[in-house]
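Comments concern the structure below.
The values are calculated or read from the model by the stated rules, or taken from the named source; none is laboratory data. Only a predicted model underlies this, so the values are computations on that prediction, with no experimental measurement involved. With ligands, DNA and RNA removed, areas are computed over all heavy atoms of the protein, side chains included. Shrake-Rupley method; radii C 1.70, N 1.55, O 1.52, S 1.80 Å.
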Amino acid sequence: MTLLQHLQVIPDPRLERTRRHELQSILAIALCATIAGADNWVEVAEFGELHHDWFIRFIPLPSGIASHDTFARVFRLTVAGPSGGPGIRHSGD
């Protein structure tokens with residue numbers, strides 16, 4: 001399984017009509033940026049912009065790279081869940 005296939009199993013907590021960027025794209029960029037040393041959402045978004053040409057070879061980016069606000073909002077919803085309860089469940093849970 002590829003990284004994107006693994007990320008596709010994570011449910012997207014956002015409303016369908018508010019989705020400009022695919023969840024797995026946001027997660028993949030954030031993961032790569034974090035591995036590369038990004039410490040905050042501004043740095044994650046900047047990393048995505050700097051490496052846009054590389055990312056479009058592997059992940060769908062029809063709306064480009066998400067803003068730092070979008071990264072923060074998506075992770076807040078994904079980790080906490082839309083109701084503030086648990087979002088991402090780990091295999092040991």
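In table form, for the structure just shown:
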{"quantity": "Surface share of carbon and sulfur [accessible, 1.4 angstrom probe, percent] for the range 7-61", "calculated": "56 percent"}
{"quantity": "Relative contact order [Cα under 8 Å, 6+ residues apart], the range 1-70, whole percent", "calculated": "35 percent"}
{"quantity": "Three-way shape label, the range 28-76, alpha-carbon gyration tensor, a/c 1.5", "calculated": "oblate"}
